[in-house]
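The block underneath contains the structure these notes are about, expressed in structure tokens.
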Amino acid sequence: MKLLKSVLKGGLFLATLVSTSAMPTPPSGKKWEKVNALSDEFNGSTIDSNKWFDYHPFWSGRPPSQFKQGNAFVEGGHLVLRSTSRVNNINQVGAPFEDIWIDAAAVVSKQQIAQPGWYYECEMKASDTAMSSSFWFRVGRFSEIDVIEHWGRATNQQVEERLSREFAANTHLYGPLNGPAPKGAKWEMPRRGRDGFERYGLWWKDANTLLFYYNGRQVMSITPRAPFTEKLRMIFDTEALAPRFVGLPTVASLQNNNRNAMRVNWVRTYKLVDAPVNTGLPSVGMKIALKDNNGRYVSSENGRFSMNSNRTAIGAWETFTVVDAGNGQIALRASNNLYVSGENAQSPMNANRSRIGAWERFRFRSEDEGKISIRDFQNRFISSENSVAPMTCNRSQALGWEKFSWSQR
């Protein structure tokens, strides 16, 4: 449902985006498992009160804005955080930078369980205003992680173009560790945050390593000025952040419901757990990923190009379903619902067949160190080509390039 909704909104662009979006590759012997308490698809009609406060119970907001309960809600499969104006004209405000005249929005997790080791990602579209659209973590004793603080449209024209494409992350220390300056990182996005939904991720890898992701690709890292060890709450909010630098939002933008809201399509959190050790062969019905001797993953290329074994992370195109092809043989179905073909050893392999013929039938064979090889109907082995050329199925024996480790997805 979420994918279809996004495709209808983004057209061909998102089809490309999905191919590059993936969680970080887990360490050996580990796999990612979803943490439901900090994950939400926002498909209901209201904010899930078991997971979220629909306001900020620990902070009233940043002047000249203040959080208002009711400005955060679920609509059309999105979490919506709307900023609105209390006045019809800025001249009605005596001190526009200090007086409260903007009603902002916040959503805060009820559980304070965000912690090192976990991966957090949301798909978000920024508002088309000078209010910040933010995804962050706080409400501990001393630490704050801002995954992204983004201004959709600054009213200060000297910075508007830059900020509209800026992925800004930050870290802060408070309370008993107060003193050191914030430590952040910035990266220029290829598109403006207000123009569409993008994925923003954080792998809080350990207390001293924060890795930031854009549409599945790591683009920044921060080493905090002190170890970030405490558990925090997840927060989405809008604020009148740095208005003397960014500019105040216009009353007109705050009164326009097509501009005044940041939207979150979903948020998903994952933790690392032990992965089962594969001591046998993949079974029919399993969804698997194949990793070559270089630690690179096999990709179907969505059937558009010949297959390659050169990916550093597992996404949709790197996932295959094992299908019963009869007589002890199997077929590999890619995420495009088309089958992998060995092309009878005549050309590089493709994942573009609509039915299973002789060239689409294979057998798994156990190899040393828990690896497998894959043979076609003529007993020729699939080769990764050492990740430097499209894959083939033409080898007479299984050596290094013809052996793969596998994991269940």
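None of the figures in this text is laboratory data; all of them are computed from the coordinates on show. Bear in mind the structure is a predicted one, so any value in this text is a computation, not a measurement. Here Cβ is always computed from backbone atoms with ideal geometry, including for glycine, and neighbour counts include all displayed protein chains.
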### Query
Are there chymotrypsin sites (Phe, Trp or Tyr not before Pro) in the stretch 290-338 that DSSP marks as loop and that have at most 15 other Cβ atoms within 10 Å, and which are they?
Phe305
### Message
Just want the ordering: His56, His150, from fewest to most Cβ atoms lying within 10 Å of their own Cβ.
### Response
His56, His150
### Message
At a 10 Å Cβ-Cβ cut-off, how would you order Ile90, Ile314, fewest neighbours first?
### Response
Ile90, Ile314
### Message
Taking loop as defined by DSSP and a crowding limit of 15 other beta carbons within 10 Å, which GluC sites (Glu not before Pro) in the stretch 353-404 fit?
### Response
Glu367
## Note on the structure
Across all Cα atoms of the chain, Rg and the largest Cα-Cα distance (Dmax), in Å, are 24.5, 83
### Task
Compute the FRET efficiency between Thr25 and Asn156 as 1/(1 + (r/R0)^6), taking r as their Cβ-Cβ distance and R0 = 35 Å, and round to the nearest 0.05.
0.30
### Summary
Karplus-derived 3J(HN,Hα) from phi for the stretch 284-299 (6.51 cos²θ - 1.76 cosθ + 1.60, θ = phi - 60°), whole Hz, x at Gly and Pro, runs 4, x, 6, 9, 10, 10, 10, 10, 8, 5, 8, x, 9, 9, 6, 10
### Task
Please report, in Å, the Rg and the Dmax of the stretch 287-408, where both are computed over Cα atoms only.
12.5, 34
### Query
Taking the Cα centre of the stretch 9-274 as origin and charging only Cβ (+1 Lys, Arg; -1 Asp, Glu), how large is the dipole, in debye to the nearest 20?
340 debye
### Modelled FRET efficiency - R0 35 Å, Glu75 with Glu188, Cβ distances, 0.05 increments
0.70
## Note on the structure
Diffing the stretch 119-135: the Karplus 3J(HN,Hα) column from phi (6.51, -1.76, 1.60, θ = phi - 60°), in whole Hz with x for Gly and Pro, holds 10, 10, 8, 10, 10, 9, 10, 6, 5, 9, 9, 7, 7, 6, 10, 10, 10
### Task
Just name one of Leu210, Ala331, Ser407: the one whose Cα is farthest towards the positive end of the charge dipole of the chain (beta-carbon charges, Lys/Arg +1, Asp/Glu -1).
Ala331
### Query
Can you run phi through the Karplus equation (6.51, -1.76, 1.60; θ = phi - 60°) for the stretch 376-384 and list ³J(HN,Hα) in whole Hz, with x for Gly and Pro?
8, 5, 9, 6, 9, 9, 6, 10, 6
### Query
If you line up the Cα atoms of the stretch 97-200 on their principal axes, what length do they span on each, largest first, in Å?
39, 35, 27
### Query
In debye, nearest 20: dipole of the stretch 185-338 around its Cα centre with unit charges on the Cβ of K, R (+) and D, E (-)?
400 debye
## Note on the structure
Summing -39500 (n - 2.57) over every DSSP H run of at least 4 in the chain, dividing by its residue total and rounding to the nearest 500, the 222 nm mean residue ellipticity is -1500 deg cm²/dmol
### Semi-axes of the equivalent ellipsoid for the stretch 35-164, Cα gyration tensor, largest first, Å
27, 17, 16
### Task
Sort Glu33, Glu239, Glu161 so that the residue with the fewest other Cβ atoms within 10 Å of its own Cβ comes first and the one with the most comes last.
Glu161, Glu33, Glu239
### Message
How large is the direction-averaged shadow of the alpha-carbon convex hull of the stretch 162-274, in nm²?
### Response
9.2 nm²
